[in-house]
Amino acid sequence: MARPQEFDKQQVLNKAMKLFWQKGFVATSLSDLLAATGLSKSSLYATFGSKHELMLSAFDNYRAEREAEMRRVTGDGNARAGILAFFEKIVEDARAEGFEGCMSINEAVELAPHDPEVRERVRQDFATIETILATAIARGQTDGSVATRRPPNELARLLTILFPGMQVMARSFADGDFLRTAIRQIEILLDS
């Protein structure tokens, strides 16, 4: 009879997510994962199958958390304010100690070119961002907080393309004034 799990799978995923986010997949060793999660090698493999499967599960965990946060920020109240808050969070996060950027961008750079499972998750992630932004833009056009008459899907695609650039620049150097220039341009796009 198999022994019952004696650990919280969500806690393990959160710890693995943080480690992969900080170090990347390649630089994260099995020893790092065992030390961070407190799992034995056999428990890790029995639960997740492999380091790669654990990373995919941790990445899915990250994506779900970020999607929920993005929907919360852009979904209630003034649509324009929610869109700007989403991008302003990049500036705020860049100032935080230990800022690691966006895990999706990190995975896109490190693994997506040669890992089809990661590539598909990154593609889905950007499609989700675009959909959420398009919904917020359309809502803003209806409630009057977004003045532009540009098609919401087209503007959302442009903002989705802007997102990784801001993330990379934020990770490269946390200059809030530099990044706020991009946010001012987003405001112009929403207002014209």
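Set side by side, the residues Phe59, Phe7 differ, and just one is of a type outside the set (Asp, Glu) and without any contact (Cβ under 8 Å) to a residue 40 or more places away in the chain, which is Phe7. Here Ala138 does not fit the description of being among the small types (Gly, Ala, Ser) and closer than 17 Å to Ala85 by Cβ. For region 82-99, a residue qualifies if it is among the acidic types (Asp, Glu) and either in a helix (DSSP H, G or I) or at pLDDT 90 or above (or both), and the qualifying residues are Glu88, Glu92, Asp93.
Restricting the first member to region 12-38 and to residues that are within 14 Å of Ser50 (Cβ to Cβ), and the second to residues that are of a type in the set (A, V, I, L, M, F, W, C) and not in a helix (DSSP H, G or I), the beta-carbon pairs closer than 7 Å and six or more apart or on different chains are Phe25/Leu111.
Among the residues of this structure, Arg66 does not count as one that is loosely packed, with under 15 Cβ neighbours inside 10 Å, among the basic types (Lys, Arg) and either in contact (Cβ under 8 Å) with a residue 60 or more places away in the chain or under 30 Å from Asp175 (Cβ atoms) (or both). Restricting Gln141, Gln124 to those that are assigned to a helix (DSSP H, G or I), of a type in the set (S, T, N, Q) and farther than 19 Å from Ile186 by Cα reduces the list to Gln124.
Inside region 92-117, residues that are out of contact with any Phe, Trp or Tyr (no Cβ under 9 Å at 6 or more places or on another chain), in contact (Cβ under 8 Å) with a residue 40 or more places away in the chain and surrounded by 13 or more Cβ atoms within 10 Å (Cβ to Cβ) make up a count of 2. Does Leu179 satisfy being crowded, with 20+ Cβ neighbours inside 10 Å, without any contact (Cβ under 8 Å) to a residue 60 or more places away in the chain and within 22 Å of Glu92 (Cβ to Cβ)? It is false that Leu179 is crowded, with 20+ Cβ neighbours inside 10 Å, without any contact (Cβ under 8 Å) to a residue 60 or more places away in the chain and within 22 Å of Glu92 (Cβ to Cβ).
The values are calculated or read from the model by the stated rules, or taken from the named source; none is laboratory data. Computed from a predicted model, the values in this text were never measured in an experiment. A quick note on method: Cβ atoms are made from the backbone with ideal geometry, for glycine too, and the neighbour counts reach across all protein chains shown.
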